[in-house]
Amino acid sequence: MELYSTLSPGLEKIAKEEIESLGGKVKEIREERGRVFFEGDLKVMAKLNYFSRTLERINILLYRGEVESLEDIYEVIYNLDWTFIDENKSFAIRPLRVGSHNFTSIDIGRVAGEALIKSYLRDKNVRLKVNLDEPDVIVRVELIHNELLVGLDTTGDIALDKRGYRVYNHLAHLNSTIAASLIYLGNFREYESLLDPMCGSATILIEGALIRRNIPPGIFRERKYGFSFLNLFGRELLEDVKREVNINYEKYLIYGIDKNPKFLEGAKRNLESAMVDDTVNLILGDATKIDKIFNEVDLVVVNPPYGIRLGKKRLLRELYDNFLLSVKRVMHGNSRVICITAETKLFEEAIAKADLTVKEKFNVKFGGLSTKVYYLTL
């Protein structure tokens, strides 16, 4: 079975490793375009929905090819076999259009919906119900320039980055799939310490704790949002996957620092909701004085402030400079610093002042922003 996943553009290589670790066979990566195509059976699909930390959505690929017009899209949808949908189920088209066309995404949704209804009526003599708000079956019809992708959404309208554990929202919290991807990039080993020195609402800390303790994000998703594949394939598939859960109850060296008591209180609530409050240590402190708190740290993963008004650039420059100088004092030969920021010029100037080595850097799209991820060593 062919599938494709969507994720934050720029993190495809990290996602590829996770997909393969969960049984998928990757066929193609669309670098910086947020898509990975792979093969797998229904169990792989269910495992990715339940266990994946880097993916946002998993779709069963029904069609992939080039089209030029709305008429072409209609023909593709009309000629696909939709009889696998139960006649008592409702459906919705979720269209996407990227590129220059003489029609809109709304037009794509209208044409695709009409074609699906008529195709089903032809084959089963039943008019399939449309429910745009809470459909049982979601069909993704995505036109990216001239390439058409038709996918059966197995995740749902709420993507996998919405874990379901967040009860406190920081104004600039990091997408949880990006947070997990950064931790994977840093190769967080079981015996190592992890520090987020500007932890905000604790997303990085929670994702690190869930990784170390083998707690799948699906535990929270199932309670709050569920999965679309349950409407298509039944619950036994999910129950089968859940039998592979093996939670580790050991404690780990995971630390979060923030100078704002309100943020730390919110972080504590999120940690409790995610069932890892006994795994993470929160500290009221200053990210520019890490060396006053720790002697050494193995892995630092951080999402510092950025996008601040030009009038406050000086404060941001001071923060970046002093943070990296401080973190360098607690690094040893195998320490790594993973940082994501949109203020690339200021951050690269700070890297030069601290005389740290850039092992890797790459672009990531985050919340409509063009950011860059940095992997730093001594």
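The values are calculated or read from the model by the stated rules, or taken from the named source; none is laboratory data. Just so it is clear, the model here is predicted, and its values are computed rather than measured. Here the Cβ positions follow ideal geometry from the backbone for every residue, glycine too, while neighbour counts run over all protein chains shown. Heavy atoms of the whole protein, side chains included, go into the accessibility calculation; ligands, DNA and RNA do not. Shrake-Rupley method; radii C 1.70, N 1.55, O 1.52, S 1.80 Å.
Structure summary
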| read-out | value |
| --- | --- |
| Principal axis dimensions, the stretch 255-296 - Cα atoms, whole angstrom, descending | 30, 21, 8 |
| Where the Cα pairs of the stretch 1-41 fall when distances are cut into 10 Å bins, in % | 36, 57, 7 |
| Cα long-axis angle, helix 70-79 against the chain (0 to 90 degrees, to the nearest 10) | 70 degrees |
| Radius of gyration and Dmax over the Cα atoms of the stretch 103-257, both given in Å | 20.3, 62 |
| Cα-based helix-to-principal-axis angle, 261-273 vs the chain, degrees rounded to 10 | 50 degrees |
| Links that overshoot a 23 Å alpha carbon limit, given the list 89/118; 289/353; 262/361; 43/251; 16/361 | 262/361; 43/251 |
| Antiparallel DSSP beta bridges within the stretch 109-259, percent to nearest 5 | 70 percent |
| Loop-located GluC sites (Glu not before Pro) in the stretch 51-137 whose Cβ has at most 10 other Cβ within 10 Å (DSSP) | 68 |
| Loop GluC sites (Glu not before Pro), the stretch 283-353 (other Cβ atoms within 10 Å of the site Cβ: 14 or fewer; DSSP) | 296 |
| Residue-normalised accessible area of the stretch 149-282, given per residue in Å² at a 1.4 Å probe | 40 Å² |
| Dimensionless Rg over Rh [the stretch 140-218; C-alpha; Kirkwood] | 1.08 |
| 0 to 90° range, to nearest 10: angle between helix 105-124 axis and the chain longest Cα axis | 50 degrees |
| Ratio of the Cα radius of gyration of the stretch 220-378 to 2.2 N^0.38 Å, where N counts its residues | 1.29 |
| Candidate residues 306, 252: accessible-area rank, largest first, probe 1.4 Å | 306, 252 |
| Where the Cα pairs of the stretch 165-304 fall when distances are cut into 10 Å bins, in % | 12, 41, 32, 12, 4, 0 |
| Semi-axes of the equivalent ellipsoid for the chain, Cα gyration tensor, largest first, Å | 41, 23, 17 |
| Quarter of Cα convex hull surface for the stretch 1-137, i.e. mean projection, nm² | 8.9 nm² |
| Rounded accessible area of residue 161 (nearest 10 Å², 1.4 Å probe) | 30 Å² |
| Percent accessible area from carbon and sulfur atoms, the stretch 165-217, protein chains only, probe 1.4 Å | 50 percent |
